[in-house]
1. Which far-off residues, 5 or more places away or on another chain, put their amide H under 5 Å from the one on residue 204, with H placed in the peptide plane?
2. Provide the per-residue ³J(HN,Hα) series for region 146-158, in order, calculated from phi with Karplus coefficients 6.51, -1.76, 1.60 and θ = phi - 60°, each as a whole number of Hz, with x at glycine and proline positions.
3. Suppose all protein chains stay in the model; what accessible area per residue would a 1.4 Å probe give for region 43-93, in Å²?
4. When the accessible area of region 160-302 is split by element with a 1.4 Å probe, what percent falls to carbon and sulfur?
5. With every protein chain left in place, what is the accessible area per residue of region 177-224 in square angstrom, probe 1.4 Å?
6. Given labels modelled 7 Å from the Cα in the Cβ direction, how far is it in nm from residue 178 to residue 109?
7. What are the residues whose amide H is under 5 Å from the amide H of residue 259, where those residues sit 5 or more places off or on another chain and H is modelled from the backbone?
8. If I take R0 = 25 Å and measure r between the Cβ atoms of residue 265 and residue 238 in this structure, what FRET efficiency does the formula 1/(1 + (r/R0)^6) give, to the nearest 0.05?
Amino acid sequence: MKKLIIMFALLLGVVSMKAQSNDLYQGITKKLPYRQMVTPYGVQVTFAKTVHIIFPSAVKYVDLGSNYIIAGKADGAENVVRVKATTEGFPGETNFSVICEDGSFYSFNAKYAHEPEMLNIEMKDFLENEDTTDFSHTRMNIYFRELGNESPLLVKLIMQSIYKNNDREIKHLGCKRFGVQFLVKGIYAHNGLFYFHTQVKNSSNVPFDTDFIRFKIVDKKVTKRTAIQETVIDPVRSYNEILVIGGKSTVRTVYTVPQFTIPDDKILVIELVEKNGGRHQTIRVENSDIVAAKVINELKIK
(Lines give C-alpha, C1' and ligand atoms only; values in the text may rest on other atoms or scores of the structure.)
Protein backbone atom coordinates (compact mmCIF):
# COMPACT_ATOMS: atom_id res chain seq x y z
CA MET A 1 0.00 0.00 0.00
CA LYS A 2 2.85 2.37 0.91
CA LYS A 3 4.54 1.58 -2.40
CA LEU A 4 1.33 2.37 -4.27
CA ILE A 5 0.99 5.76 -2.54
CA ILE A 6 4.60 6.65 -3.44
CA MET A 7 4.03 5.73 -7.11
CA PHE A 8 0.83 7.82 -7.18
CA ALA A 9 2.67 10.81 -5.67
CA LEU A 10 5.44 10.48 -8.25
CA LEU A 11 2.84 10.37 -11.03
CA LEU A 12 1.19 13.54 -9.72
CA GLY A 13 4.59 15.22 -9.64
CA VAL A 14 5.22 14.36 -13.30
CA VAL A 15 1.80 15.71 -14.28
CA SER A 16 2.42 18.87 -12.29
CA MET A 17 5.82 19.38 -13.94
CA LYS A 18 4.23 18.92 -17.38
CA ALA A 19 1.55 21.48 -16.55
CA GLN A 20 4.21 23.97 -15.50
CA SER A 21 6.42 23.41 -18.54
CA ASN A 22 3.66 23.52 -21.17
CA ASP A 23 1.05 26.12 -22.13
CA LEU A 24 -2.31 25.27 -20.59
CA TYR A 25 -5.22 25.32 -23.08
CA GLN A 26 -8.55 23.62 -22.57
CA GLY A 27 -9.71 21.37 -25.41
CA ILE A 28 -8.16 20.90 -28.85
CA THR A 29 -5.87 23.73 -29.94
CA LYS A 30 -3.85 24.61 -33.02
CA LYS A 31 -0.73 26.74 -33.04
CA LEU A 32 -1.21 30.06 -34.82
CA PRO A 33 1.16 30.56 -37.77
CA TYR A 34 3.30 33.71 -37.85
CA ARG A 35 1.55 34.93 -40.99
CA GLN A 36 -1.58 35.44 -38.83
CA MET A 37 0.28 37.82 -36.54
CA VAL A 38 -0.01 41.59 -36.81
CA THR A 39 3.65 42.56 -36.43
CA PRO A 40 4.03 45.27 -33.79
CA TYR A 41 6.04 48.46 -34.27
CA GLY A 42 8.70 49.37 -31.71
CA VAL A 43 8.28 52.75 -29.98
CA GLN A 44 10.46 54.39 -27.36
CA VAL A 45 8.70 56.48 -24.71
CA THR A 46 9.95 58.65 -21.88
CA PHE A 47 8.72 60.48 -18.78
CA ALA A 48 9.82 64.03 -19.60
CA LYS A 49 8.71 64.17 -23.27
CA THR A 50 5.61 63.21 -25.27
CA VAL A 51 5.69 61.01 -28.37
CA HIS A 52 3.11 61.89 -31.04
CA ILE A 53 2.00 59.32 -33.64
CA ILE A 54 0.17 60.60 -36.72
CA PHE A 55 -2.20 58.12 -38.40
CA PRO A 56 -3.63 58.33 -41.94
CA SER A 57 -7.19 58.13 -40.61
CA ALA A 58 -9.17 59.24 -37.56
CA VAL A 59 -8.49 57.17 -34.43
CA LYS A 60 -11.48 55.33 -32.95
CA TYR A 61 -9.88 53.17 -30.23
CA VAL A 62 -6.72 53.08 -28.09
CA ASP A 63 -5.89 50.32 -25.60
CA LEU A 64 -2.88 50.19 -23.23
CA GLY A 65 -1.06 47.09 -22.04
CA SER A 66 -0.17 48.50 -18.60
CA ASN A 67 -0.26 51.62 -16.45
CA TYR A 68 3.41 52.30 -17.22
CA ILE A 69 2.20 54.49 -20.09
CA ILE A 70 -0.65 56.85 -20.86
CA ALA A 71 -1.99 57.46 -24.37
CA GLY A 72 -4.92 59.18 -26.01
CA LYS A 73 -6.04 61.33 -28.91
CA ALA A 74 -4.48 64.77 -29.07
CA ASP A 75 -6.96 67.58 -28.35
CA GLY A 76 -8.50 68.87 -31.56
CA ALA A 77 -6.81 66.25 -33.77
CA GLU A 78 -8.71 63.07 -34.58
CA ASN A 79 -5.76 61.24 -36.17
CA VAL A 80 -2.98 61.99 -33.66
CA VAL A 81 -2.22 59.85 -30.57
CA ARG A 82 0.11 61.08 -27.84
CA VAL A 83 2.05 58.57 -25.71
CA LYS A 84 4.03 59.18 -22.54
CA ALA A 85 5.57 57.14 -19.72
CA THR A 86 3.95 57.46 -16.28
CA THR A 87 6.88 55.83 -14.47
CA GLU A 88 10.44 56.99 -15.01
CA GLY A 89 12.68 54.17 -16.24
CA PHE A 90 10.00 51.43 -16.10
CA PRO A 91 11.43 47.92 -16.65
CA GLY A 92 10.92 45.68 -19.67
CA GLU A 93 8.29 46.43 -22.29
CA THR A 94 4.60 47.16 -22.47
CA ASN A 95 2.32 47.56 -25.47
CA PHE A 96 -0.62 49.49 -26.89
CA SER A 97 -2.98 49.09 -29.84
CA VAL A 98 -4.79 51.57 -32.09
CA ILE A 99 -7.80 51.09 -34.38
CA CYS A 100 -8.54 53.76 -37.00
CA GLU A 101 -11.72 54.77 -38.79
CA ASP A 102 -10.59 53.14 -42.05
CA GLY A 103 -10.47 49.74 -40.30
CA SER A 104 -6.71 49.63 -39.90
CA PHE A 105 -5.26 48.00 -36.78
CA TYR A 106 -1.86 49.01 -35.40
CA SER A 107 0.11 47.23 -32.67
CA PHE A 108 3.04 48.80 -30.79
CA ASN A 109 5.60 47.52 -28.29
CA ALA A 110 6.81 50.33 -26.06
CA LYS A 111 9.97 50.50 -23.97
CA TYR A 112 11.50 53.26 -21.90
CA ALA A 113 14.32 55.47 -23.19
CA HIS A 114 15.68 58.62 -21.57
CA GLU A 115 16.01 60.18 -25.04
CA PRO A 116 13.69 58.50 -27.59
CA GLU A 117 15.02 58.29 -31.14
CA MET A 118 11.67 59.52 -32.55
CA LEU A 119 9.31 61.96 -30.90
CA ASN A 120 6.99 62.49 -33.88
CA ILE A 121 6.05 59.46 -35.99
CA GLU A 122 3.93 59.38 -39.14
CA MET A 123 2.21 56.11 -40.04
CA LYS A 124 1.95 56.03 -43.83
CA ASP A 125 -1.28 55.11 -45.60
CA PHE A 126 -0.47 51.80 -47.26
CA LEU A 127 -3.16 52.45 -49.93
CA GLU A 128 -0.76 54.91 -51.56
CA ASN A 129 1.97 52.34 -52.17
CA GLU A 130 0.58 48.81 -52.06
CA ASP A 131 -1.56 46.55 -54.18
CA THR A 132 -5.20 46.84 -53.10
CA THR A 133 -6.67 44.09 -55.25
CA ASP A 134 -6.59 41.81 -52.19
CA PHE A 135 -8.85 43.12 -49.41
CA SER A 136 -7.77 40.47 -46.89
CA HIS A 137 -4.90 42.46 -45.36
CA THR A 138 -4.57 41.40 -41.74
CA ARG A 139 -4.42 44.94 -40.41
CA MET A 140 -7.47 45.97 -42.42
CA ASN A 141 -10.00 43.51 -41.04
CA ILE A 142 -11.72 45.68 -38.45
CA TYR A 143 -15.43 46.24 -39.13
CA PHE A 144 -17.64 48.95 -37.63
CA ARG A 145 -21.33 48.78 -36.79
CA GLU A 146 -22.25 51.92 -38.71
CA LEU A 147 -20.90 50.41 -41.96
CA GLY A 148 -22.90 47.21 -41.66
CA ASN A 149 -21.26 44.37 -43.59
CA GLU A 150 -18.98 46.62 -45.60
CA SER A 151 -15.22 46.70 -45.16
CA PRO A 152 -13.94 50.15 -44.08
CA LEU A 153 -11.08 49.68 -46.53
CA LEU A 154 -13.45 49.13 -49.42
CA VAL A 155 -15.56 52.14 -48.39
CA LYS A 156 -12.44 54.28 -48.48
CA LEU A 157 -11.41 52.90 -51.88
CA ILE A 158 -14.88 53.55 -53.33
CA MET A 159 -14.90 57.14 -52.09
CA GLN A 160 -11.41 57.72 -53.50
CA SER A 161 -12.41 56.25 -56.87
CA ILE A 162 -15.57 58.36 -57.14
CA TYR A 163 -13.54 61.45 -56.31
CA LYS A 164 -10.74 60.65 -58.77
CA ASN A 165 -13.09 59.71 -61.62
CA ASN A 166 -14.99 63.00 -61.15
CA ASP A 167 -17.87 61.93 -63.39
CA ARG A 168 -21.08 63.95 -63.54
CA GLU A 169 -23.72 61.24 -63.61
CA ILE A 170 -26.54 63.64 -62.60
CA LYS A 171 -27.08 67.04 -64.21
CA HIS A 172 -30.36 68.22 -62.74
CA LEU A 173 -29.67 68.24 -58.99
CA GLY A 174 -28.30 71.55 -57.77
CA CYS A 175 -28.96 75.06 -56.52
CA LYS A 176 -27.25 78.44 -56.59
CA ARG A 177 -27.56 81.43 -54.24
CA PHE A 178 -25.43 84.54 -53.78
CA GLY A 179 -22.57 83.29 -55.94
CA VAL A 180 -22.40 79.82 -54.38
CA GLN A 181 -23.40 76.75 -56.39
CA PHE A 182 -24.11 73.38 -54.75
CA LEU A 183 -24.39 70.25 -56.93
CA VAL A 184 -24.98 66.53 -56.55
CA LYS A 185 -22.83 65.09 -59.34
CA GLY A 186 -23.61 61.44 -58.72
CA ILE A 187 -25.35 58.95 -56.44
CA TYR A 188 -23.84 55.47 -56.10
CA ALA A 189 -24.88 52.33 -54.21
CA HIS A 190 -23.00 49.34 -52.88
CA ASN A 191 -23.67 46.76 -50.14
CA GLY A 192 -26.15 48.76 -48.07
CA LEU A 193 -24.53 52.17 -48.49
CA PHE A 194 -25.15 55.23 -50.68
CA TYR A 195 -22.33 57.49 -51.90
CA PHE A 196 -23.20 61.12 -52.74
CA HIS A 197 -20.65 62.98 -54.87
CA THR A 198 -21.15 66.71 -54.20
CA GLN A 199 -19.53 69.90 -55.44
CA VAL A 200 -19.52 73.42 -54.01
CA LYS A 201 -18.34 76.23 -56.29
CA ASN A 202 -17.82 79.60 -54.65
CA SER A 203 -17.79 82.27 -57.37
CA SER A 204 -17.79 85.11 -54.86
CA ASN A 205 -14.81 86.71 -53.14
CA VAL A 206 -16.11 85.83 -49.67
CA PRO A 207 -15.16 82.39 -48.23
CA PHE A 208 -18.05 80.02 -47.51
CA ASP A 209 -17.63 78.66 -43.97
CA THR A 210 -19.68 75.46 -43.68
CA ASP A 211 -21.56 74.96 -40.44
CA PHE A 212 -22.94 71.51 -41.35
CA ILE A 213 -24.38 69.39 -44.15
CA ARG A 214 -27.58 67.51 -43.42
CA PHE A 215 -29.43 64.73 -45.25
CA LYS A 216 -33.08 64.47 -44.21
CA ILE A 217 -36.29 62.89 -45.46
CA VAL A 218 -39.28 65.26 -45.30
CA ASP A 219 -42.89 65.37 -46.47
CA LYS A 220 -43.33 66.77 -49.97
CA LYS A 221 -46.31 68.91 -49.04
CA VAL A 222 -44.93 70.34 -45.78
CA THR A 223 -42.69 73.36 -46.14
CA LYS A 224 -42.55 74.39 -42.48
CA ARG A 225 -39.50 72.97 -40.72
CA THR A 226 -40.63 70.76 -37.87
CA ALA A 227 -38.49 68.07 -36.29
CA ILE A 228 -41.46 65.69 -36.09
CA GLN A 229 -41.78 65.60 -39.88
CA GLU A 230 -38.04 65.06 -40.53
CA THR A 231 -35.93 61.94 -40.54
CA VAL A 232 -32.25 62.90 -40.42
CA ILE A 233 -29.71 60.54 -41.99
CA ASP A 234 -26.20 61.15 -40.71
CA PRO A 235 -23.22 60.46 -43.01
CA VAL A 236 -21.02 57.67 -41.66
CA ARG A 237 -17.94 58.62 -43.72
CA SER A 238 -16.74 61.48 -45.90
CA TYR A 239 -13.86 61.99 -48.29
CA ASN A 240 -12.21 65.39 -48.88
CA GLU A 241 -14.65 67.24 -46.64
CA ILE A 242 -13.36 70.83 -46.49
CA LEU A 243 -15.37 73.14 -44.29
CA VAL A 244 -14.11 76.47 -45.59
CA ILE A 245 -14.47 77.00 -49.35
CA GLY A 246 -12.36 79.99 -50.25
CA GLY A 247 -13.39 82.70 -52.68
CA LYS A 248 -13.16 81.76 -56.37
CA SER A 249 -12.63 78.09 -55.54
CA THR A 250 -14.34 74.72 -55.96
CA VAL A 251 -14.45 71.77 -53.54
CA ARG A 252 -15.76 68.27 -54.21
CA THR A 253 -16.70 65.84 -51.43
CA VAL A 254 -17.98 62.25 -51.30
CA TYR A 255 -20.40 61.44 -48.46
CA THR A 256 -21.31 57.89 -47.41
CA VAL A 257 -24.73 57.34 -45.82
CA PRO A 258 -26.66 54.19 -44.83
CA GLN A 259 -28.95 52.95 -47.58
CA PHE A 260 -32.58 54.08 -47.30
CA THR A 261 -35.81 54.28 -49.27
CA ILE A 262 -38.16 57.23 -49.73
CA PRO A 263 -41.97 56.83 -49.59
CA ASP A 264 -43.97 58.36 -52.45
CA ASP A 265 -45.15 61.31 -50.36
CA LYS A 266 -41.62 62.25 -49.21
CA ILE A 267 -38.35 63.56 -50.65
CA LEU A 268 -34.73 63.72 -49.60
CA VAL A 269 -33.46 67.22 -48.82
CA ILE A 270 -29.71 67.93 -48.67
CA GLU A 271 -28.91 71.13 -46.82
CA LEU A 272 -25.57 72.92 -46.85
CA VAL A 273 -25.65 75.54 -44.11
CA GLU A 274 -23.23 78.45 -43.85
CA LYS A 275 -21.91 79.35 -40.40
CA ASN A 276 -22.97 82.85 -39.35
CA GLY A 277 -24.21 83.54 -42.87
CA GLY A 278 -27.26 83.41 -45.10
CA ARG A 279 -26.03 81.63 -48.22
CA HIS A 280 -27.62 78.31 -47.28
CA GLN A 281 -28.01 75.77 -50.09
CA THR A 282 -30.83 73.23 -50.45
CA ILE A 283 -31.20 70.37 -52.96
CA ARG A 284 -34.40 68.31 -53.25
CA VAL A 285 -33.82 64.69 -54.34
CA GLU A 286 -36.75 62.63 -55.60
CA ASN A 287 -37.17 58.89 -55.02
CA SER A 288 -36.56 58.33 -58.76
CA ASP A 289 -33.05 59.76 -58.34
CA ILE A 290 -32.33 57.45 -55.43
CA VAL A 291 -33.50 54.24 -57.12
CA ALA A 292 -31.47 55.18 -60.19
CA ALA A 293 -28.25 55.22 -58.14
CA LYS A 294 -25.34 53.77 -60.10
CA VAL A 295 -24.19 50.37 -58.85
CA ILE A 296 -20.58 50.47 -57.73
CA ASN A 297 -19.82 47.20 -59.56
CA GLU A 298 -20.01 49.23 -62.74
CA LEU A 299 -17.47 51.72 -61.39
CA LYS A 300 -13.78 51.01 -61.88
CA ILE A 301 -12.14 51.11 -58.48
CA LYS A 302 -8.61 52.47 -58.83
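1. 248
2. Per residue, the Karplus-derived 3J(HN,Hα) values read 5, 9, x, 8, 8, 6, x, 4, 5, 4, 5, 5, 5 Hz.
3. 52
4. Details: 3590 of 7450 Å².
Taking all protein chains in place, region 160-302 shows 48 percent carbon and sulfur surface.
5. Each residue of region 177-224 exposes 43 Å² on average to a 1.4 Å probe.
6. Inter-label distance under the simple model: 5.9 nm.
7. Distant-sequence amide H within range of residue 259: 193, 194.
8. 0.25
The values are calculated or read from the model by the stated rules, or taken from the named source; none is laboratory data. These figures come from a predicted structure and were not determined experimentally. When we count neighbours, we look across all protein chains shown, and the Cβ atoms used for this are built from the backbone with ideal geometry, even at glycine. Surface accessibility is based on the protein's heavy atoms, side chains included, excluding ligands, DNA and RNA. Shrake-Rupley method; radii C 1.70, N 1.55, O 1.52, S 1.80 Å.
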